[in-house]
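The values are calculated or read from the model by the stated rules, or taken from the named source; none is laboratory data. Treat the numbers as computed from the prediction; the structure is a model and nothing was measured. Here the Cβ is made from the backbone with ideal geometry for all residues, glycine too, and neighbour counts use every protein chain on show. For the accessible areas, the whole protein counts, side chains as well, though only heavy atoms, and no ligand, DNA or RNA atoms are used. Shrake-Rupley method; radii C 1.70, N 1.55, O 1.52, S 1.80 Å.
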Amino acid sequence: NVNQVLTTTKLYLDLSLTSPELKDELIKKSSKNIIYVINEIRQLSRSLMDPSIGDLGLVDSINDLVENINITRKLHVSLSAASDLEEYLNESQKLMIFRVIQEAMNNTIKYAQATAVQISIKNNRGNLELLIADDGKGFDINTIKKGAGLKNIQNRVYLTGGSLVIDSGPDKGCTIAITFPIKQPI
């Protein structure tokens, strides 16, 4: 997609040199396309890189993701996380939580037309509970085609021995509830 948008942008710019009457409009379209490509590359880079969970820790990594989304002002994301979260999660669990949140945010931004998302992570009697809720347009769970994003979330939860519940409906928003067993802090 990035290549197609860049090719179109080059055509717009070439055409703007030979068509003075369309020049301003074509330059505006080109600028818009370039901004789109920059954001796509940024998003792609983030999804390919391992987050710096080892350096920053899980909560700070999630906060960094939340801040980056909130900067766009297209969506307001809030995070509530237990202060001792890092103590009872291993590295693969931390990465799974981060990736699930990242995937859920991508889906929300692309499809939900939401204005707000609340993320909650807590320890409840030996189980980690991750809740991601948006106020978007929702979808019918029974008729929606599960895309790569939802399948990725399902697979990650399955690998932890956890459970996944998705509650949504037209005009109801979407809530993703994930629970999986964790070691108890000492």
Helix axis angle, 23-48 relative to the chain longest principal axis, alpha carbon, degrees: 20
FRET efficiency, Q118 to S19 (Cβ-Cβ, R0 30 Å, nearest 0.05): 0.05
Rounded percent of accessible protein surface that carbon and sulfur make up, segment 1-136, 1.4 Å probe: 53
The chain, helix-only ellipticity at 222 nm - DSSP H runs n ≥ 4, -39,500 (n - 2.57), divided by all residues, nearest 500: -16000 deg cm²/dmol
Interchain or long-range residues, amide H under 5 Å from I182's placed H: N127, L128
Relative frequency of Cα-Cα separations exceeding 16 Å in segment 106-166, percent: 55
Accessible-area value, I176, 1.4 Å probe, nucleic acids and ligands omitted, Å²: 10
Order of exposure, largest accessible area first, which applies to R42, R156, R99, R125 with probe 1.4 Å: R125, R42, R156, R99
Förster-model FRET efficiency, 35 Å R0, R125 and H76, C-beta, rounded to 0.05: 0.70
FRET efficiency, 1/(1 + (r/R0)^6) with R0 45 Å, evaluated for N1 and E91 via beta carbons: 0.85
Stokes-Einstein diffusion coefficient of the chain, Kirkwood radius over Cα pairs, 20 °C, 1.002 mPa s, in µm²/s: 116
K29 accessible area, 1.4 Å probe, all protein chains in place, Å² to nearest 10: 80
